[in-house]
Amino acid sequence: MAEIKFCTACGNELNIKAELCPKCGVRQAVKGGGSNRKITAGILALFLGGFGIHHFYLGNTGRGVLYLLFFWTFIPAIASFIEAIIFLTMSEDDFEAKYS
């Protein structure tokens, strides 16, 4: 028996490898790669976080611009150091739920 999952929008049964739901056409979230994404975000926050690069990477453009505007105060650098610790200690499921 093929492994199944359910569409996140309409609940239709799908093959586990399906990217799109044939019934409603909604793209399905892909599991996997979260660990690499989490680690990348943590490393970016640690080394380039004062410039907000990790926020651009995660799709939070507004916050990234805010970090760029205030990088000279070193406040974003301190905040990004804390965020790096949070990213690297957060479980993969929590990270994916928050940043996907």
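The values are calculated or read from the model by the stated rules, or taken from the named source; none is laboratory data. Since this is a predicted model, take the numbers as computed values, not measurements. Note: ideal-geometry Cβ built from the backbone for every residue, glycine included; neighbour counts use all protein chains shown. Heads up: the accessible areas ignore ligands, DNA and RNA and are worked out on the full protein's heavy atoms, side chains in. Shrake-Rupley method; radii C 1.70, N 1.55, O 1.52, S 1.80 Å.
The figures follow:
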read-out	value
Solvent exposure ordering (accessible area, 1.4 Å, most first) of R63, R27, R37	R27, R63, R37
Residues R63 and N12, FRET efficiency given R0 of 41 Å [Cβ-Cβ distance, rounded to 0.05]	0.70
Residue-averaged [θ]222 nm for the chain, counting only DSSP H segments that reach four residues, each worth -39500 (n - 2.57)	-16000 deg cm²/dmol
Within-11-Å neighbourhood charge of K38 [Cβ basis; K, R +1; D, E -1]	-2
Length-normalised contact order of the chain in % [C-alpha pairs under 8 Å, at least 6 apart]	21
The chain: Lys pairs at Cα distance under 19 angstrom, eight or more positions apart or on different chains	6
Check: the chain dipole with +1 on Lys, Arg Cβ and -1 on Asp, Glu Cβ, in debye	200
Pair E19, S100: separation of 7 Å Cα→Cβ label points (nm)	1.6
Sum of side-chain charges, V26 neighbourhood, beta-carbon under 15 Å (Lys, Arg +1; Asp, Glu -1)	+1
